[in-house]
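The values are calculated or read from the model by the stated rules, or taken from the named source; none is laboratory data. As the structure is a computational prediction, the values presented were derived from the model and not from experiment. Calculation scope for accessible area: heavy atoms of the full protein, side chains included, ligands and nucleic acids excluded. Shrake-Rupley method; radii C 1.70, N 1.55, O 1.52, S 1.80 Å.
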Amino acid sequence: MLASVAGVETTRLSPIFVEGDHSAIWWRFAFTGKDGSVRTMEEMALQTWRGDELIEERFFYDPKQMAVSK
């Protein structure tokens with residue numbers, strides 16, 4: 001996917017929420033196409049850790065967010 005775009009900017013929109021072995025992170029990604037168009041999307045990532053090892057990660061987002069904005 002990253003090879004199909006000219007660049008991506010990632011912004012964390014909230015603190016990282018942690019409880020025990022679980023964490024949640026709210027992200028915004030801005031993908032710049034090779035034609036200069038920009039598509040943005042927000043995503044919630046839920047992670048499960050065992051010590052320093054990430055053992056599961058799930059992503060929640062609405063794909064309709066990927067409309068082109070200028």
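Quick one: in segment 12-41, of everything that is among the β-branched types (Val, Ile, Thr) and under 18 Å from Arg58 (Cα atoms), which residue is most open to solvent (accessible area, probe 1.4 Å)?
Among those that are among the β-branched types (Val, Ile, Thr) and under 18 Å from Arg58 (Cα atoms), it is Val18.
Restricting segment 1-57 to residues that are of a type in the set (Ser, Thr, Tyr) and assigned to a strand (DSSP E or B), which is farthest from the chain's Cα centre (by Cα)?
Step by step, filter segment 1-57, then rank; the result is Thr48.
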